[in-house]
Amino acid sequence: MAEKKKYRSSAWYNSKSHRRDTFIHRGWMRNQGHPSHLFDGRPVIGICNTWSELTPCNGHFREIAESVKKGVYEAGGFPLEFPVFSASESNLRPTAMLFRNLASMDVEEAIRGNPMDGVVLLMGCDKTTPSLMMGAASVDIPTIGVSGGPMLNGHHKGEIIGSGTGVWQLDADLNAGKITEDDFVSAEISMSRSKGNCMTMGTASTMGSMVEALGMSLPHNAAIPAVDARRYALAHMSGKRIVEMVKENLVMSKVVSKDSFENAIKVNGAIGGSTNAVIHLAAIAGRLEIDLSLDDWEKCGKDIPTLVNLQPSGKYLMEDFYYAGGVPAVIKQLLEKNLLSKDALTVNGKTIEENNSNAERWNKDVIKDFENPLVKDGGIKILKGNIAPDGAILKPSAASPELMQHKGKAVVFESVEEFHEKIDDPNLDVDENSILVLKNCGPKGYPGMAEVGNMRLPQKILKKGIRDMIRISDARMSGTAYGTVILHTSPEAAVKGPLAAVQNGDLIEVDVNKGSLNLVVLDEIIAKRLKEYQPVLPEIKSGYQKMYIDHVMQADKGADLDFLVGKRGSEVKRHSH
Ligand code: FES
């Protein structure tokens, strides 16, 4: 067999100077029935699979991997599928976010340590997308993303019903006595009727759209339903394309630039994307050594109207979005308004403009236009002030316009446990003008930063027919949730950020237009309270969670572990047998 050193995998499979190692690397692989010609120095493509029966959103990924393999073989590559940690949003406790960084380490080391020249990332459920993108970014070989696609629309009692969003609505109705327990349970099967990830514009669909906007996937990656034959055709074409990318040495850092991130922020505004995108994009950018801060969200997200009429901000679901034209139809509108860096490269070697300028929009109610948007000022608003010196965020498209400027008395919960204990206490001093404040749910305080920021309203308020109040926390919220919810307050209470100083009855002033969030309390009193403050911290002394707490960065920095930031490249020591 001729010695070829063209690609990285040749160091494993084609080295004549280390014959014994080559025998072992190649020989053991042969036990799977791979014929000799597959080891002739052709591109070896890893298929990084987050399949797991415990991650139902990614339960169909073995089938998707088979389509990728067809494309890889067709282009003359050698596909090898490998499993990585699969962080399931619907099952994993205490919160899947706690394991995003752990999964990213698994991905990074699996790619670097194995003989692969390019990698296809199979991603779907919320955290599986950023964890794979982060891990791959730190290695920086040719990389292409393939999302698993959303579930078909849910249908319940004659209405469409969306993942997550429907649950929050049904839960509020159940608590207000508007529906029965039986209605609540019967909605379960109606909601999740096919393979795929949440079909609202939650975090999974948002991150699929971000992958597309960053140029890291072929067009239409985000919206094709999981069970649509075109999803499998896209996987096949991605397999074909990654082989070419290896030949072109088109590594991830050549595709994704600061411009790509700015484009993604704008696309996030136009699709009404999840607040979680703020954290995940920061973490991915950090791995690529691209400086991305909340100021970039403020700068780029401003004046971007929300065009996509999908739950939780609007009415429709991802299946409708795909039939209406999907992400390309949104990108086209942004290009026409000169809002995107049109020369940003994508994985197929074309620019974002070349890929999307001919996109078509088939339904003007699902994908609206600049003249008639769903929300005029969409995107993510960054709020700063004496409660959040490093920033907090709010998604206006999911919030109530009448609460955008509001002054109210704080009703404070020191922990999520205290919240559950007291929220329905008839003696709780709360009315619809109050502001609910939840502390100690940030990256360190509730390790992993739970999605509890969209606190449910007190029953006595729900019974009045009120469905929204301002809520402030250092937590995250599900991308499928809605409400006037201020999240990711940084620094968090557990590290004595000023959120910790808020006490019951304090006045809080929120002005979303001005981007301000302030506690109407004298500075010296805030400082005194912080000095005396004892955060409610989890008792964790060992294990992964200890490492997480010791090293996790604040939300505004992407909540990555501090020692994982940056690229570490694909070089690896030869293992001598
Ligand atoms: Fe997996 Fe929503 S629970 S995408």
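Just a few scattered comments:
- Antiparallel content of DSSP bridges confined to the chain, in %, to 5: 45
- Region 494-569: proportion of alpha-carbon pairs further apart than 15 angstrom, %: 69
- Tilt relative to the chain, helix 61-74 - C-alpha long axis, 0 to 90 degrees, to 10: 40
- Heavy-atom surface of region 420-577, accessible at 1.4 Å and reported per residue (Å²): 45
- Sorting 131-138, 342-349 by their mean Cβ neighbour count within 10 Å, with the most densely packed peptide first, gives 131-138, 342-349.
- When Rg and the Kirkwood radius Rh are both evaluated on Cα atoms of region 324-483, their ratio Rg/Rh stands at 1.08.
- The chain: relative contact order in percent, alpha carbon pairs under 8 Å with at least 6 residues between: 14
- Cut-off under 5 Å, modelled amide H: who pairs with Thr143 long-range: Val119, Met252
- Taking amide H as placed 1.01 Å from N in the peptide plane, the amide H of Gly479 sits under 5 Å from that of Thr203, each at least 5 places away or on another chain.
- In sequence order, calculated HN-Hα J values of region 526-537 (Karplus, 6.51, -1.76, 1.60; Hz; x Gly/Pro): 4, 4, 5, 5, 5, 4, 8, 5, 10, x, 8, 9
- Taking each residue as 0.36 nm, the span from Glu336 to Ala233 lengthens on full extension beyond its C-alpha to C-alpha distance by 34.2 nm.
- The mean of 1/r over all pairs of different alpha-carbon atoms in the chain, once inverted, gives a Kirkwood hydrodynamic radius of 24.3 Å.
- Measuring between alpha carbons in the structure, the pairs from Lys407/Lys528; Lys195/Lys350; Lys342/Lys381 lying more than 26 angstrom apart are Lys195/Lys350.
- Region 344-430, relative contact order in percent, only Cα pairs under 8 angstrom and at least six apart counted: 14
- Normalised by the number of residues in region 109-198, the average gap of Cα pairs under 8 Å and 6 or more apart makes the relative contact order 32 percent.
- Mean residue ellipticity at 222 nm, helices only, the chain: -10000 deg cm²/dmol; runs of at least 4 DSSP H residues each add -39,500 (n - 2.57), and the sum is divided by the number of residues.
- The residues neighbouring Glu571, those whose beta-carbon lies less than 10 Å from its own, together hold a net charge of +4 under the Lys/Arg +1, Asp/Glu -1 convention.
- Cα-based values for region 281-339, radius of gyration first and Dmax second, are 14.3, 38 Å.
- Ordered from largest to smallest accessible area (heavy atoms of protein chains, 1.4 Å probe), the residues Thr484, Thr180 come out as Thr180, Thr484.
- Dipole of the chain, positive direction: furthest Cα of Val572, Gly166, Asn197, with charges on the beta-carbon: Val572
- Dipole magnitude (debye, nearest 20) for region 492-576, charges at Cβ of Lys, Arg, Asp, Glu: 600
- Å² per residue, accessible surface of region 125-213 at 1.4 Å: 30
- Cβ crowding within 10 Å averaged over residues, with 513-526, 550-563, 307-320 ranked highest first: 307-320, 550-563, 513-526
- Free-standing Cys, the chain [no other Cys Cβ under 4.7 Å]: Cys48, Cys198, Cys300, Cys441
- Surface composition of the chain: carbon plus sulfur atoms contribute 50% of the solvent-accessible area (1.4 Å probe, protein chains only, all chains present).
- Accessible area per residue in Å² at 1.4 Å probe, computed on region 1-121: 44
- Distance from the C-alpha centroid of region 523-577 to that of region 439-491: 22 Å, rounded to the whole angstrom.
- Listed peptides 139-147, 18-26, 76-84, 371-379 appear in the order 139-147, 76-84, 371-379, 18-26 once ranked by packing, highest mean of other Cβ atoms within 10 Å at the front.
- Solvent-accessible ranking of His236, His575, largest area first, probe 1.4 Å: His575, His236
- Distance from region 350-397 to region 277-308 (C-alpha centre basis), Å: 12
- Electrostatic bookkeeping for Asn309 treats Lys and Arg as +1 and Asp and Glu as -1; over the other residues with beta carbon under 10 Å from its beta carbon, the sum is +1.
- Net charge over other residues, Cβ less than 12 angstrom from the Cβ of Arg62 (K, R count +1; D, E count -1): -2
- Summing Cβ point charges (Lys, Arg +1; Asp, Glu -1) relative to the Cα centre of the chain gives a dipole of roughly 1980 debye.
- D by Stokes-Einstein for region 253-292, Kirkwood Rh over Cα pairs, 37 °C, 0.692 mPa s: 318 µm²/s.
The values are calculated or read from the model by the stated rules, or taken from the named source; none is laboratory data. Since the model is a prediction, treat every value here as computed from it, not as a measurement. Please note: Cβ atoms are built from the backbone with ideal geometry, for glycine as well, and neighbour counts cover all protein chains shown. Note: accessible area is taken over every heavy atom of the protein model, side chains too, but ligands, DNA and RNA are not part of it. Shrake-Rupley method; radii C 1.70, N 1.55, O 1.52, S 1.80 Å.
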